[in-house]
1. Rank by packing, highest mean first: peptides 74-85, 98-109, with packing defined as the count of other Cβ atoms within 10 Å averaged across residues.
2. Please tell me the relative contact order of the chain in percent, rounded to the nearest whole number, where contacts are Cα pairs under 8 Å and at least six residues apart.
3. Using the charge dipole of the chain (Lys, Arg: +1 at Cβ; Asp, Glu: -1 at Cβ; taken about the Cα centre), state which of GLY168, LEU213, PHE118 has its Cα farthest towards the positive end.
4. May I ask for the Rg/Rh ratio of the stretch 10-130, computed from Cα atoms with Rh as the Kirkwood radius, given to two decimals?
5. Pull out a ≥ b ≥ c, the square roots of the eigenvalues of the alpha-carbon gyration tensor of the stretch 144-290, then state rounded if a/c is under 1.5, prolate if not and a/b is larger than b/c, and oblate in the remaining case.
6. Classify the stretch 213-291 as rounded, prolate or oblate, taking a ≥ b ≥ c as the square roots of the eigenvalues of its Cα gyration tensor: rounded when a/c is under 1.5, otherwise prolate if a/b is larger than b/c and oblate if not.
7. Arranged from highest to lowest average of other beta-carbon atoms within 10 Å per residue, in what order do the peptides 30-38, 173-181 appear?
8. Counting Lys and Arg as +1 and Asp and Glu as -1, each charge on the Cβ, what is the dipole of the stretch 148-254 about the Cα centre in debye, to the nearest 20?
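Values quoted throughout were computed directly from the atomic coordinates according to the rules given, and no laboratory measurement underlies them. The shown structure was predicted, so the numbers you read here are calculated from the model rather than taken from an experiment. Neighbour counts are summed over all protein chains in view; Cβ atoms, including those assigned to glycine, are modelled from backbone coordinates with ideal geometry.
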Amino acid sequence: MKKSLSHLPKHARDEIRAVTKIINEMIDAEFIILFGSYARGDWVDDVYVGDDGITYEYKSDYDLLVVVKDLPKYEYKGYRDRIKKKARRSADCDTRISIIMHSVDEIKKAIKRGSYFFVDIKKEGIQLHSSKRFRLPSVKELNIKQRKGNAERNFKNWFESAKGFFKGFNFYLEEKDYKLAVFSLHQATERFYHTVLLVFTDYKPKIHDLEDLGIRVDRLSSRFKEIFSKKTEEEKRLFDLLKRAYVGARYDMGYKITKKELEYLAGRVKKLKNVTEEVCKEKIKSFSEQI
């Protein structure tokens, strides 16, 4: 694993070091590892004007893996989100931060079984911090046939699960139980995203935030980018209704959604279902062509 940030511009080095300091101040991390585009060197920082005349900014996230010994302690108290909020409030960092958090045992087991998501992190990642209390195991790489098998199993399991929740949405919509309908729609969306992530990377983060999951999926295929368009305030509002449904539809007495809003969102999720199936089958086929 690399340890140098010298390939990055100064502002990125400064931001990453500031975030690393925040993490170390808040939790007892065993490892903090930068992975993804900023570790590889293919990050994007672009501003452009679209055909609609709107100015768009596309900027890569800082992807961070935080490894801890006592994961339940930090998960229960929501440290992942607390770190992100503190970093956003800090004048030292204005780049979006994407954090995944796992225990030492989880990381060791994943690398030993050849999980290519974590194997790639160990090969390409940049170690920002180590407590020096643990060592990561040697990399075990799966061959193409094994990766294809994993992708096929993940697709069958998660795509069917997502379709089941979409079917549940239609049932609750007919019953006019709109809160259970939107919760089922949220779960269908989450599971379609999980399907894509698992087929492509053999990994899904333990998060329910649809915006975060959508950003991760967008990186894998541009065909997902416009499914939940947020160009207008109304589109943003409708997506936020779906995003908040995981908690709001179950626990918030003030959460409300109409049949018309549900039908709009269902149309987007149906599009997500179709694109998920097409993109995942193409990916699995690509594995077959390499065997």
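1. On the way: 74-85: 15.5, 98-109: 18.5.
The peptides rank, most packed first, as 98-109, 74-85.
2. Answer for the chain is 17 percent.
3. PHE118
4. Details: Rg = 15.7 Å, Rh = 15.4 Å.
Radius of gyration relative to Kirkwood radius: 1.02.
5. Working: a/c = 2.22, a/b = 1.84, b/c = 1.21.
Since a/c reaches 1.5 and a/b is larger than b/c, the shape of the stretch 144-290 is classed as prolate.
6. Details: a/c = 2.68, a/b = 2.33, b/c = 1.15.
The shape class here is prolate.
7. Values: 30-38: 21.9, 173-181: 15.1.
Highest mean packing first, the order is 30-38, 173-181.
8. Values: 21 positive and 17 negative charges, 66 e Å.
Its charge dipole is roughly 320 debye.
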